[in-house]
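Enquirer: My structure is below; once you've seen it, I'll send some questions.
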Amino acid sequence: MCILSGCALKSPQEGSYGYDRKFFKDHGIETVELVSRDGKSRVLIAPGWQGRVMTSTTGGLKGSSYGWINHKYIDSGEVSWQFNSYGGEERFWIGPEGGPNSFYFAPGVNQVYANWVVPKVIDTEAFDTDFSSAENVCFSRHVRLKNASGREFAIGIRRFVSLEDPSAVLGIPVPSSVRALAYSSSNSITNEGSSAWDRETGMPSVWLLGTLNPTPTTTVFIPYDESVEGTVVKDDYFGKVPSDRLVVRNGVVYFRIDGEYRAKIGLPQGSARDLCGSYDSAGGILNILKYTVPEGPCDYVNGQWGEQENPYGGDVINSYNDGPTETGTVMGPFYEIETSSPGAALEPGKTLTHVQYTLHFEGAEDDLDQIARAVFGVSLKTVKSVFGE
């Protein structure tokens with residue numbers, strides 16, 4: 001027992017999981033925590049923000065905090081009518097964002113930023129917690145949303161988040177020297193209305209977005225199907241991405257992540273596989289996403305704003321690197337990896353489910369390289385050398 005005044009407990013170090021867990025507690029924000037038996041793997045979830053995974057770690061309370069959290073905005077106590085940038089490494093949204101079937105623009109308005117509004121149910125409102133345990137938690141919500149064509153959708157949402165065994169998810173052994181974490185989220189939408197969802201009415205999709213911390217030594221790498229005919233990667237969301245930031249080579253798309261240049265890429269159906277990686281060589285952190293991609297042709301909703309030639313020519317996976325906008329402001333900086341389900345062509349009472357696995361590995365490069373080679377068929381030396389590191 002410590003009785004000396006000089007023995008006060010040290011505050012958790014900024015950038016650690018313990019720091020972020022304490023941050024939410026100090027701000028009175030309810031969290032649910034999934035914890036492995038050894039206490040090392042931890043996932044911090046906010047029920048009040050739609051069961052959003054805010055951050056996670058492989059190293060217990062002192063370990064690295066992997067999710068990007070907007071501490072400054074949360075500190076301010078501000079609540080925006082348009083969008084609240086809380087951050088978090090995996091959050092549930094509903095697509096599409098733009099076009100005639102958008103859920104983010106009112107009917108008849110120009111699809112520009114001033115008119116863009118994130119529905120409150122996926123921004124500031126809570127999901128119900130159906131049950132929770134040390135290793136999993138389930139949330140649900142029943143909502144009604146109108147799209148930009150004025151059609152109303154009654155949607156049942158179910159979100160189940162669970163700790164997983166990294167080796168079992170990837171089907172490979174993980175070196176014992178590597179700290180590892182895996183969790184899954186199973187996200188379902190059900191047609192609770194009286195009429196079918198189809199190409200004419202518009203079809204909601206499950207859209208998962210994760211915000212992580214950029215560094216000068218981080219690269220996103222996404223494998224693609226080399227047999228695809230047509231577009232491999234869409235790279236003109238905010239103007240064409242320059243070649244010193246985007247390289248397409250030997251079945252892999254490489255995207256430079258430093259939080260200093262605003263750019264977004266996407267892989268469409270046919271090109272996209274079910275995997276994505278990112279590697280911070282200086283930090284010794286390898287991140288992997290594995291997600292469901294149905295076989296055969298599907299309609300992926302197009303999220304671009306404004307007029308669309310094809311509302312169902314959207315992307316399966318996207319990545320975004322934050323950076324200064326035209327006004328010089330920066331939202332984060334952060335980077336995003338996003339995955340989507342196809343549009344839900346559902347009869348009343350039917351359900352679509354999109355599953356994503358998020359895995360984090362921290363350790364020496366040679367050990368992490370074993371994982372990258374086994375999963376992606378590419379070495380981490382190749383990944384980090386693409387942009388001259």
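The values are calculated or read from the model by the stated rules, or taken from the named source; none is laboratory data. Values in this document were obtained by computation on a predicted structure and should not be read as measured data. Ideal geometry is used to build each Cβ from the backbone, glycine not excepted, and the neighbour counts take in all protein chains shown. Please note that ligands, DNA and RNA were not included when accessible areas were found on the heavy atoms of the full protein model with its side chains. Shrake-Rupley method; radii C 1.70, N 1.55, O 1.52, S 1.80 Å.
Enquirer: Residue by residue through segment 70-96, note down the ones that are under 19 Å from V53 (Cβ atoms) and free of Cβ contacts under 8 Å to residues at least 24 places away in the same chain.
Expert: Answer for segment 70-96, where residues must be under 19 Å from V53 (Cβ atoms) and free of Cβ contacts under 8 Å to residues at least 24 places away in the same chain: just Y73.
Enquirer: Check whether at least one residue in segment 308-330 is in contact with a Ser or Thr (Cβ under 6 Å, 6 or more places away or on another chain), open to solvent by 10 Å² or more (accessible area, probe 1.4 Å) and either over 30 Å from S195 (Cα atoms) or among the hydrophobic types (A, V, I, L, M, F, W, C) (or both), and report yes or no.
Expert: No, segment 308-330 contains no residue that is in contact with a Ser or Thr (Cβ under 6 Å, 6 or more places away or on another chain), open to solvent by 10 Å² or more (accessible area, probe 1.4 Å) and either over 30 Å from S195 (Cα atoms) or among the hydrophobic types (A, V, I, L, M, F, W, C) (or both).
Enquirer: Return the pairs, sorted by first residue and then second, in which the second residue is among the acidic types (D, E) and part of a strand (DSSP E or B), the first residue lies in segment 44-57 and is more than 20 Å from W207 (Cβ to Cβ), the beta carbons are less than 6 Å apart, and the residues are 6+ apart or on different chains.
Expert: L44/E33
Enquirer: How many of the residues making up segment 214-231 are modelled with pLDDT of 95 or more, open to solvent by 30 Å² or more (accessible area, probe 1.4 Å) and of a type in the set (A, V, I, L, M, F, W, C)?
Expert: The total comes to 0.
Enquirer: Considering segment 161-210 alone, what residues qualify as being aromatic (F, W, Y) and under 18 Å from the mean Cα position of the chain (by Cα)?
Expert: Within segment 161-210, Y183, W207 qualify.
Enquirer: Within segment 217-269, how many residues turn out to be over 19 Å from the mean Cα position of the chain (by Cα), in a strand (DSSP E or B) and among the hydrophobic types (A, V, I, L, M, F, W, C)?
Expert: Count: 4.
Enquirer: Restricting attention to strands (runs of 3 or more DSSP E) lying wholly within segment 270-389, give those where 1 or more residues are within 16 Å of the chain's Cα centre (by Cα) and of a type in the set (D, E).
Expert: In segment 270-389, 315-321, 335-340 are the strands (runs of 3 or more DSSP E) which contain 1 or more residues that are within 16 Å of the chain's Cα centre (by Cα) and of a type in the set (D, E).
Enquirer: Filtering segment 131-163 down to residues that are out of contact with any Gly (no Cβ under 9 Å at 6 or more places or on another chain), open to solvent by less than 50 Å² (accessible area, probe 1.4 Å) and of a type in the set (S, T, N, Q), which residue is nearest to S102 (Cα to Cα)?
Expert: My answer is S162.
Enquirer: Which of the residues spanning segment 197-213 are open to solvent by less than 30 Å² (accessible area, probe 1.4 Å) and at negative phi?
Expert: W197, M203, P204, S205, V206, W207, L208, L209, G210, T211, L212
Enquirer: Tell me which strands (runs of 3 or more DSSP E) are completely within segment 1-113 and hold 2 or more residues being within 23 Å of H142 (Cβ to Cβ) and open to solvent by less than 50 Å² (accessible area, probe 1.4 Å), or say none if there are none.
Expert: 42-46, 52-57, 91-95
Enquirer: How many residues are assigned to a strand (DSSP E or B) and of a type in the set (S, T, Y) when one looks only at segment 127-168?
Expert: Here the count works out to 4.
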